[in-house]
1. Please find, among GLU196, GLU205, GLU218, the residue that is touching a residue at least 12 places away in the same chain (Cβ under 8 Å), surrounded by 22 or more Cβ atoms within 10 Å (Cβ to Cβ), acidic (Asp, Glu) and at negative phi.
2. Filter segment 1-13 down to residues that are part of a helix (DSSP H, G or I) and open to solvent by 20 Å² or more (accessible area, probe 1.4 Å), then give me how many there are.
3. Residue under question is GLU176, and the condition is that it be in a helix (DSSP H, G or I), in contact with an Asp or Glu (Cβ under 6 Å, 6 or more places away or on another chain) and buried (at least 17 other Cβ atoms within 10 Å of the Cβ); does it hold?
4. Take segment 14-25 and flag every residue that is surrounded by fewer than 19 Cβ atoms within 10 Å (Cβ to Cβ), in contact (Cβ under 8 Å) with a residue 40 or more places away in the chain and out of contact with any helix residue (DSSP H, G or I) (no Cβ under 7 Å at 6 or more places or on another chain).
5. Only one of these is in contact with a Leu (Cβ under 9 Å, 6 or more places away or on another chain), at pLDDT 95 or above and more than 30 Å from LYS227 (Cβ to Cβ): ILE170, ILE120, ILE144, ILE134. Name it.
6. Looking only at segment 169-193, count how many residues are without any contact (Cβ under 8 Å) to a residue 24 or more places away in the chain and closer than 20 Å to LEU119 by Cα.
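The values are calculated or read from the model by the stated rules, or taken from the named source; none is laboratory data. Keep in mind it's a predicted model, so treat the numbers as computed, not measured. Cβ: placed from backbone, ideal geometry, glycine included. Neighbour counts: every protein chain shown. When the accessible area is computed, the model is the full protein with side chains, heavy atoms only, and any ligands, DNA or RNA have been set aside. Shrake-Rupley method; radii C 1.70, N 1.55, O 1.52, S 1.80 Å.
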Amino acid sequence: MLEKYQELLAPIQCFLQCETPQAWLDEAIKPENLKTVLLDHLVCELKAAQSAMLLIRKYAVDPQSTQDLLNWLKPFEDFTYRKQGDWRVLAEHNKLNKSMIPRGDKPYSQALIEKMVLLIKEELHHFYQVLEIIDEMGFEYDYISSSRYAKGMLSHTKNHEPDAFIDKLICGAYIEARSCERFAKLAPHVSQRLGEFYVSLLRSEARHYQDYLTLAEEIAGGDISEKVAYFGKIEAELIASPDEDFKFHSGVPASALTSVAV
């Protein structure tokens with residue numbers, strides 16, 4: 001199932017500074033953890049859309065466009081955080097009906113809008129697909145808190161511009177690349193329905209990581225390899241170090257280390 005995607009996965013595996021630990025995969029494929037993996041994946045899709053939207057709002061569009069973006073995400077946020085609305089109609093809300101007006105003072109505004117609006121649409125579509133699978137499997141939706149992962153990387157971003165912007169884009173690239181790698185890891189070990197879904201996500205996740213990197217390079221106007229390596233080290237430490245909180249992007253399960261020690 002994954003053979004035809006090896007060419008797509010190869011640059012991601014080179015980009016990431018460590019492979020997902022076997023201990024995480026062993027924990028993730030336990031039947032009792034399936035609900036946690038799905039619910040966290042669901043929230044991750046929304047957070048990916050929110051992060052992209054924040055970048056557009058902060059760096060690329062005028063105030064009216066900002067409000068249009070907020071309105072776009074509101075039904076998804078209401079369902080996720082406040083359990084308001086029927087999830088079955090959310091697909092009808094995945095539309096941005098108005099054109100975004102780029103800020104004239106930023107030469108990269110249009111490119112940022114185009115890439116991030118597409119990313120948001122895809123992430124919200126994936127959000128709905130995960131909800132469908134959760135419903136098919138008979139799980140009740142319940143919000144779960146985020147892992148340390150994204151916050152752990154973003155805590156190392158600079159405070160001044162344009163470095164802060166570039167750092168956030170690089171973090172976005174790592175989050176998308178790790179998601180892609182983990183979907184590929186999980187796919188052979190889950191049900192056919194879920195495995196096929198994970199494989200279907202690989203191409204978009206790989207493109208998202210590349211879009212983030214491309215934007216970072218364009219805005220920096222020069223070599224960003226040192227920054228990329230810096231955040232790659234941070235990301236790898238979060239993935240390879242012990243983690244008490246098992247989630248989709250968590251590190252080595254602390255329970256696995258405890259069992260080995262015993």
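1. On the way: GLU196 fails: surrounded by 22 or more Cβ atoms within 10 Å (Cβ to Cβ); GLU218 fails: surrounded by 22 or more Cβ atoms within 10 Å (Cβ to Cβ).
Step by step, each of GLU196, GLU205, GLU218 is checked, and only GLU205 is touching a residue at least 12 places away in the same chain (Cβ under 8 Å), surrounded by 22 or more Cβ atoms within 10 Å (Cβ to Cβ), acidic (Asp, Glu) and at negative phi.
2. Our first condition is that a residue be part of a helix (DSSP H, G or I); within segment 1-13, this holds for 3-13.
From what's left, open to solvent by 20 Å² or more (accessible area, probe 1.4 Å): 3-8, 10-11, 13.
Adding up the residues that qualify gives 9.
3. Details: in a helix (DSSP H, G or I): yes; in contact with an Asp or Glu (Cβ under 6 Å, 6 or more places away or on another chain): yes; buried (at least 17 other Cβ atoms within 10 Å of the Cβ): yes.
It is true that GLU176 is in a helix (DSSP H, G or I), in contact with an Asp or Glu (Cβ under 6 Å, 6 or more places away or on another chain) and buried (at least 17 other Cβ atoms within 10 Å of the Cβ).
4. GLU19
5. Testing whether each residue is in contact with a Leu (Cβ under 9 Å, 6 or more places away or on another chain), at pLDDT 95 or above and more than 30 Å from LYS227 (Cβ to Cβ) leaves just ILE134.
6. Taking segment 169-193 as the starting set, the residues that turn out to be without any contact (Cβ under 8 Å) to a residue 24 or more places away in the chain are 183, 191-192.
When the remaining residues are screened for being closer than 20 Å to LEU119 by Cα, the result is 183.
Qualifying residue count for the region: 1.
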